[in-house]
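Right, one structure below, let's go through it.
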Amino acid sequence: MAEVRAVLQRCDPSLLDPCGDLDQPECSEAAMMILYLTDSRRIQKVLWRQLSVLDSMMSLLEGLESAQQLMTQPCPPQPEGGARSRWKSLKVESRSGTEETETLLRSLQDKVQQVHNRRQKLTQLVQHLHNQKQQSEHLAESLQKAQDALRLCDRQLTQLRVESEAVFSQLISWQQLRDELQVYVSAVQDVMQIKLLSFNHSELCVELRPRPSSSLSSSELEPLKLSVSWTHDDRFTVQVNEGTAGLVEDCMSGRRSELSAALLEVMQCYVGQAELLCEIQALRSSFPIDWRPAQRLLIYLKSASQVCHLEVEEGYPSSGRVRLLSVRRDGQPVDTSELKPQKTDLSLTNWLVFLCSSPVV
């Protein structure tokens, strides 16, 4: 074995190089092809060199007479003949083939990548088309529902139009009836001397316009405003509104069947005091007064500290008189002995004028 290695060393030292490990890790198909071609080229190169060495050895052995001559004879020069040139040409062809193969493999890899990209794009387009198809189906369902709802609305609108026309015709007839009733109510109010102001489920407001039997006109006497309320136990309450010239009975109550009699009583009481109430209503626009019908007392506020009390007798102004009860200054009574008007029988208006102009008070 040592002799063979020595012969190989003398002929071609590169033949002693190891061939290398042919085991390679797993890779892509193109890389495996490159490794395969590279290994095949290396194997072919080694085989070619071995054949060349074998041919040289056979030629050398044919010319030797003994083995001792093989050891002593110098190493012949390497031939430059046709075998080596052919080997070089094959080597060039192999290298060009390898380069062409590598170029083709790279081109194949590019095309494979392009195919992969196009496949991904195609998958995305298919998914997009699928989504659009689902959306179109949903839109078609929504459109169908909207059309059904529109047809239903059209039917309901037609029905409502028919009903509205019927209601409108009834409304016209009711308006005509209302106008006729208003005419009747106005006529009844003129006769009954009562005007309805407002009403709800538990209260109504009326205005009484009595016709006084004296020389006073109905325009001089302010209308009497009343609030009539009732409860669930069939009872009513009549309240004279604030601001109207006071009556003795500001509030009345009773059963609902007695309401007409109560209103008539209030009206008669109001008419019976028509002249007094007209005078009080006229005085309120000129003097700061307060009328208390229960005590038949008129309070005159001359100043912030002076208050005068006047008593109005029953039957005034025909039979009753007005007299001065007291005058108070800062809550203390004032001596009224010096207050002597020229006339002893003064009207309510004259008394207020006298007190307003008197320097004693």
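The values are calculated or read from the model by the stated rules, or taken from the named source; none is laboratory data. Note that the structure is a prediction, hence the values are computed from the model and not measured. Glycine also receives a Cβ, built like all others from the backbone with ideal geometry; neighbour counts cover every protein chain displayed.
The rows are residues; the columns are (1) out of contact with any Phe, Trp or Tyr (no Cβ under 8 Å at 6 or more places or on another chain); (2) of a type outside the set (Ser, Thr, Tyr); (3) loosely packed, with under 13 Cβ neighbours inside 10 Å.
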position	(1), (2), (3)
Ser286	yes, no, yes
Ala304	yes, yes, yes
Lys340	yes, yes, yes
Thr349	yes, no, no
Legend entry - Candidate set from region 288-302 (those that are hydrophobic (A, V, I, L, M, F, W, C) and under 59 Å from the mean Cα position of the chain (by Cα)); member that is surrounded by the most Cβ atoms within 10 Å (Cβ to Cβ): Trp291
Legend entry - Conditions (1) over 30 Å from Thr98 (Cβ atoms); (2) touching a helix residue (DSSP H, G or I) at 6+ places or on another chain (Cβ under 8 Å); (3) modelled with pLDDT of 80 or more: number failed by Lys45: (1)
Inset, instruction - Sort through Thr98, Thr123 and tell me the only one that's at negative phi and either among the hydrophobic types (A, V, I, L, M, F, W, C) or in contact with a Leu (Cβ under 7 Å, 6 or more places away or on another chain) (or both). - result: Thr98
Legend entry - Any hit, region 232-239, residues being on the phi < 0 side of the Ramachandran plot and modelled with pLDDT under 75: no
